[in-house]
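Report on the structure given below.
The values are calculated or read from the model by the stated rules, or taken from the named source; none is laboratory data. Keep in mind that what you see is a predicted model, and the values were worked out from it rather than measured. Here Cβ is always computed from backbone atoms with ideal geometry, including for glycine, and neighbour counts include all displayed protein chains.
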Amino acid sequence: MDKNHTTFENFQLLEERLIPSSSYLFFYENAFLKINLIKEITSKQSLPILYVDLDFLFSGYVKSKLLTIPNLTLFSTLESKINEILPKIFTKLATKPHFVIFDSINGLYNTLSNDADSGRLVNSILMLLARNISFSNSILIISALAGKKENDWVLPNGRQILENDVMKKFVISDRSKIIFEN
């Protein structure tokens with residue numbers, strides 16, 4: 001992973017905005033840049049980290065030992081179903097603050113693709129996570145491979161991402177830039 005190391009020139013902008021009881025959407029177009037950014041964020045984190053990996057890229061780096069992060073609890077739908085993972089996360093959040101990374105909305109849609117009401121279920125899960133984060137004094141990052149279409153963030157499958165004023169948005173735009181969206 002070091003040979004592809006990326007330095008984000010304005011990483012401090014992100015660090016200053018990651019505050020307890022807050023939720024963030026991270027939009028990206030390059031999954032490897034997303035992993036590099038998450039590696040940089042988690043290396044500076046003092047909170048225990050809960051990582052829900054639904055696209056399996058991060059898990060691959062961790063399991064192959066290309067990426068080591070102390071104080072990490074990794075969840076994946078390869079080992080458990082989403083309805084088994086969520087209660088474990090909520091139990092941990094009830095005991096102490098955590099840094100939670102939910103990777104990604106795209107993977108959650110894929111996991112729930114057989115459910116006729118997957119859109120509503122995805123939004124409910126994300127809202128429930130965000131609400132628990134605010135009560136537990138934790139931090140939540142939700143990532144999404146998405147692009148802008150007529151001022152809305154849209155997944156490659158055409159689904160629009162529901163946004164609200166409570167969730168702050170960051171865009172990983174290129175190899176060195178993090179953009180904060182209001």
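Numbers below:
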quantity	calculated
Candidate set: segment 165-182, residues that are polar (S, T, N, Q) and touching a strand residue (DSSP E or B) at 6+ places or on another chain (Cβ under 9 Å); chosen: the one modelled with the highest pLDDT	S173
Residues of segment 75-89 satisfying the condition of being outside any loop (DSSP other than H, G, I, E, B) and surrounded by fewer than 16 Cβ atoms within 10 Å (Cβ to Cβ)	N83, E84, P87, K88
Filtered residues of segment 34-74 (kept if over 14 Å from the mean Cα position of the chain (by Cα), of a type in the set (A, V, I, L, M) and assigned to a helix (DSSP H, G or I))	V62
Enumeration of residues in segment 139-163 that are within 12 Å of Y24 (Cβ to Cβ) and not hydroxyl-bearing (S, T, Y)	I139, L140, I141, I142, A144, E163
Qualifying residue in segment 115-122 (condition: surrounded by 16 or more Cβ atoms within 10 Å (Cβ to Cβ), of a type outside the set (A, V, I, L, M, F, W, C), modelled with pLDDT of 95 or more and part of a helix (DSSP H, G or I))	no
Within segment 37-56, tally of residues that are surrounded by fewer than 21 Cβ atoms within 10 Å (Cβ to Cβ) and farther than 24 Å from F135 by Cα	4
Residue count for segment 90-105, restricted to those that are surrounded by fewer than 20 Cβ atoms within 10 Å (Cβ to Cβ) and part of a helix (DSSP H, G or I)	5
Boolean, S59 is touching a Lys or Arg at 6+ places or on another chain (Cβ under 8 Å), under 30 Å from K148 (Cα atoms), of a type outside the set (D, E, K, R) and surrounded by 16 or more Cβ atoms within 10 Å (Cβ to Cβ)	no
Residue ID - surrounded by the most Cβ atoms within 10 Å (Cβ to Cβ), chosen from residues in segment 7-33 that are assigned to a loop (DSSP other than H, G, I, E, B) and in contact with a helix residue (DSSP H, G or I) (Cβ under 8 Å, 6 or more places away or on another chain)	F8
Sole exception among (1) closer than 23 Å to N164 by Cα; (2) at pLDDT below 95 for V52, by number	(2)
Count - residues of segment 131-182 that are over 22 Å from L93 (Cα atoms) and either assigned to a strand (DSSP E or B) or touching a residue at least 40 places away in the same chain (Cβ under 8 Å) (or both)	29
Counted residues, segment 94-125 - those being under 16 Å from the mean Cα position of the chain (by Cα) and hydrophobic (A, V, I, L, M, F, W, C)	8
Which numbered condition Q45 misses (of (1) under 20 Å from M167 (Cβ atoms); (2) in contact with a helix residue (DSSP H, G or I) (Cβ under 8 Å, 6 or more places away or on another chain))	(2)
Among (1) within 24 Å of H98 (Cβ to Cβ); (2) over 15 Å from the mean Cα position of the chain (by Cα), the one test that I142 misses	(2)
